[in-house]
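Q: Let me give you the structure first, and then I'll get to my questions.
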Amino acid sequence: MSLLTEKDRPVVQLLLNTGTCPRCILRFCCVGSQTPYRHPYKDLMKYLQEFLKNDEEKEDTVCFDVVDPPCKRIRLEHTEGPDDVNHNGALQQVLLVNDENTAMENLAVKVCNVCLGILQEFCEVDFVKKVCQKVNSADYQFTSFVFSVSLPPQLSVRERATWLLVKQEMGKLGLSLAKDNIVQLKEAYKWIIHPQLSEELFFLMESLFEVSVVFAHPETDEECHFLATACPDCFKPAKNKQSVFTRMAVIKALEKIKEEDFLKHFPCPPSSPKNLCVALEIQCNNGAVFVAGRYNKYSRNLPQTPWIIDGERKLESSVEELISEHLMAEFKAESFNFSSSGREDVDVRTLGNGRPFAIELVNPRRIHFTAEEMKGLQQTINNSSDKIQVRDLQLVTREAIGRMKEGEEEKTKTYSALIWTDKAIQEEDIAFLDDIKELKLDQKTPLRVLHRRPLAVRCRIIHTMKSEYIDEHHFRLHLKTQAGTYIKEFVHGDFGRTKPNIGSLLNRTADILELDVESVDVDWPPTL
């Protein structure tokens, strides 16, 4: 299939002479097929030299084997050529290459003035092997992967300068050049690298495992700084960004700046750099894995999550940590996020079938576990502490976690509360509680949580109650309630902030001594 035509000849001559690499020349000639970019660098140089030598016909072409469909193409339309811009902040006059050896020398020694070497050395086998060694040494489990690349923002400035240069040359021929259809550098790089990585790693593309390369070019870092003066609104400080000159900010500024203003500040063609880009980082990142189960908490001195007040830790451990430390070790994860269906206070036990929980394991190196291995991991957690136990430990999807939160306030929970009264009681004094059904409460945000929850009055329902007399000042109350009900406040009233309450119903002062969660009625995760 023909790739370069007579219309491309002046562009090839121009860019070769200014120090542009063969693959960038293909991009600016809008070669939209992937296969040519994968040819060895020396072969591409030879093709371009042969193309320049051939003057016999207007449609003489250089041919490569092409197996993929055409992609982005430059649109060429007849138009009147623009006046040449003078040297003062304008396009510099460039001699065309007529000598094969001169062009060969320029390309053999120089770092490309457009891609800064990205499409040169970093497409070679040695660099691909370096990336693969990094992936293999990181010891990740994966079955497929995606590849991403981060490029220095100044490359966008050099691309614009080269486009203006080519645009002027095409204008001399009465043709126009649509810059939006030039093959993007990142796209061309991925065309070259993807198949090599797939072959080396023996895996397919497209998955949650990502291999990324971060490039930088310190020599030209300041080339885009002039844009901050021309378009100050485009460059705003951002969180987690070391520099305001991000790739997106530079692209936005290039879209705003006028051509004549650009040419006053940046040379066309771009100067040839002395050094190649450097690969700052080769990063690996696996998609998150989600583990779910149910936990029982048997301690009255254990918070669900780390208890830290004013930067000071109050207790040495938590439910979250006792479970996650073993998962983190086995999955070799970087970090985790814990969530659950509600939470209990530090002095409240969770009994029965336990409370549903889920843990997101971020960037895990190991992701494949059999049912037996998960069962063994559950046993390891249970053997490590007498304060908690887990059950139904299993791998789940991100979407499945949503079921844990669905209709959370419509769910029911069952509690057992040990209650004290100031005045003596007899069994018949509390028997009427058993007959109360669907008792509606108005609960103002409790004083004890007001520092972390907004002030509001919430309507909650006590579905049923069952009393169990102990002695003159103590009885146990079993309650089935709407999820989200503050049980402690329902007992003592919270200085009148919960109405009605056990104290007001019994017409005496009542307080809660112990509280246990006996069931959380959420049918998730599936019982194993």
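The values are calculated or read from the model by the stated rules, or taken from the named source; none is laboratory data. Quick caveat, the model's predicted, so the values are computed rather than measured. Cβ: placed from backbone, ideal geometry, glycine included. Neighbour counts: every protein chain shown. Note: areas computed on protein heavy atoms with side chains; ligands, DNA, RNA excluded. Shrake-Rupley method; radii C 1.70, N 1.55, O 1.52, S 1.80 Å.
Q: Tell me the helices (runs of 4 or more DSSP H) entirely within the range 188-305 that contain at least 1 residues that are of a type in the set (Lys, Arg) and out of contact with any strand residue (DSSP E or B) (no Cβ under 7 Å at 6 or more places or on another chain). Even if it seems obvious, please write down each step before you answer.
A: Working: elements: 226-230, 247-256, 259-265.
The helices (runs of 4 or more DSSP H) meeting that bar are 247-256, 259-265.
Q: Looking at residue 442, is it acidic (Asp, Glu), assigned by the TED database to the domain that holds residue 508, modelled with pLDDT of 95 or more and surrounded by 12 or more Cβ atoms within 10 Å (Cβ to Cβ)? Break it down stepwise before answering.
A: Working: acidic (Asp, Glu): yes; assigned by the TED database to the domain that holds residue 508: yes; modelled with pLDDT of 95 or more: yes; surrounded by 12 or more Cβ atoms within 10 Å (Cβ to Cβ): yes.
So residue 442 passes the test.
Q: Looking only at the range 396-409, decide whether some residue is under 30 Å from residue 468 (Cα atoms) and without any contact (Cβ under 8 Å) to a residue 12 or more places away in the chain. Spell out the reasoning first.
A: Going residue by residue through the range 396-409, those that are under 30 Å from residue 468 (Cα atoms) are 408-409.
Narrowing the set further to residues that are without any contact (Cβ under 8 Å) to a residue 12 or more places away in the chain leaves none.
Scanning the range 396-409, I find no residue that is under 30 Å from residue 468 (Cα atoms) and without any contact (Cβ under 8 Å) to a residue 12 or more places away in the chain, so the answer is no.
Q: State yes or no: is residue 441 of a type in the set (A, V, I, L, M, F, W, C) and either within 14 Å of residue 510 (Cβ to Cβ) or part of a helix (DSSP H, G or I) (or both)? Can you show your working first?
A: On the way: of a type in the set (A, V, I, L, M, F, W, C): yes; either within 14 Å of residue 510 (Cβ to Cβ) or part of a helix (DSSP H, G or I) (or both): no.
It is false that residue 441 is of a type in the set (A, V, I, L, M, F, W, C) and either within 14 Å of residue 510 (Cβ to Cβ) or part of a helix (DSSP H, G or I) (or both).
Q: Further question on the same structure: Against the definition (surrounded by fewer than 20 Cβ atoms within 10 Å (Cβ to Cβ), assigned by the TED database to the domain that holds residue 279, at pLDDT below 85 and among the small types (Gly, Ala, Ser)), how does residue 138 come out, yes or no? If you could, list the steps in order and put the result at the bottom.
A: Details: surrounded by fewer than 20 Cβ atoms within 10 Å (Cβ to Cβ): yes; assigned by the TED database to the domain that holds residue 279: yes; at pLDDT below 85: no; among the small types (Gly, Ala, Ser): yes.
The answer is no for residue 138.
Q: If you don't mind, there's one more thing I want to ask. Here are the criteria: (1) surrounded by fewer than 22 Cβ atoms within 10 Å (Cβ to Cβ); (2) in contact with a Ser or Thr (Cβ under 9 Å, 6 or more places away or on another chain); (3) not in a helix (DSSP H, G or I); (4) not hydrophobic (A, V, I, L, M, F, W, C). Tell me which single one residue 20 does not satisfy.
A: (1)
Q: Scan the range 159-180 and tell me whether some residue there is within 17 Å of residue 131 (Cβ to Cβ) and at pLDDT below 95.
A: Of the residues in the range 159-180, the ones within 17 Å of residue 131 (Cβ to Cβ) are none.
No: the range 159-180 contains no residue that is within 17 Å of residue 131 (Cβ to Cβ) and at pLDDT below 95.
Q: Out of 330, 325, 320, 372, which single residue is surrounded by fewer than 16 Cβ atoms within 10 Å (Cβ to Cβ), within 30 Å of the chain's Cα centre (by Cα) and part of a helix (DSSP H, G or I)?
A: Working: 330 fails: surrounded by fewer than 16 Cβ atoms within 10 Å (Cβ to Cβ); 320 fails: surrounded by fewer than 16 Cβ atoms within 10 Å (Cβ to Cβ); 372 fails: within 30 Å of the chain's Cα centre (by Cα).
After applying the criteria, what remains is 325.
Q: Now a separate question. Could you list, in sequence order, the residues of the range 143-177 that are in contact with a Gly (Cβ under 9 Å, 6 or more places away or on another chain) and either of a type outside the set (A, V, I, L, M) or open to solvent by 30 Å² or more (accessible area, probe 1.4 Å) (or both)?
A: If we filter the range 143-177 for residues that are in contact with a Gly (Cβ under 9 Å, 6 or more places away or on another chain), which is where we start, we get 168, 170-175, 177.
Correct list: 168, 171, 172, 173, 174.
Q: Here is a further query. Open to solvent by 20 Å² or more (accessible area, probe 1.4 Å), among the aliphatic types (A, V, I, L, M) and under 28 Å from the mean Cα position of the chain (by Cα): does that describe residue 346? Quick ask: steps written out before the conclusion?
A: Values: open to solvent by 20 Å² or more (accessible area, probe 1.4 Å): yes; among the aliphatic types (A, V, I, L, M): yes; under 28 Å from the mean Cα position of the chain (by Cα): no.
Spelling it out, it is not the case that residue 346 is open to solvent by 20 Å² or more (accessible area, probe 1.4 Å), among the aliphatic types (A, V, I, L, M) and under 28 Å from the mean Cα position of the chain (by Cα).
Q: Within the range 383-423, how many residues turn out to be in a loop (DSSP other than H, G, I, E, B), farther than 27 Å from residue 317 by Cα and open to solvent by less than 50 Å² (accessible area, probe 1.4 Å)? So that I can check it myself, show each step before the final result.
A: First pass over the range 383-423, keeping only residues in a loop (DSSP other than H, G, I, E, B): 385-387, 397, 406-407, 411, 422-423.
Filter once more, so that each one left must be farther than 27 Å from residue 317 by Cα: 397, 406-407, 411, 422-423.
Then drop every residue that is not open to solvent by less than 50 Å² (accessible area, probe 1.4 Å), which leaves 407.
Matching residues across the range 383-423 total 1.
Q: A follow-up question, please. Yes or no: residue 337 surrounded by fewer than 15 Cβ atoms within 10 Å (Cβ to Cβ) and not charged (D, E, K, R)?
A: Judged against the criteria, residue 337 is a match.
Q: Which of the residues spanning the range 479-497 are more than 19 Å from residue 341 (Cα to Cα) and surrounded by fewer than 17 Cβ atoms within 10 Å (Cβ to Cβ)?
A: Of everything in the range 479-497, those that are more than 19 Å from residue 341 (Cα to Cα) and surrounded by fewer than 17 Cβ atoms within 10 Å (Cβ to Cβ) turn out to be 495, 496.
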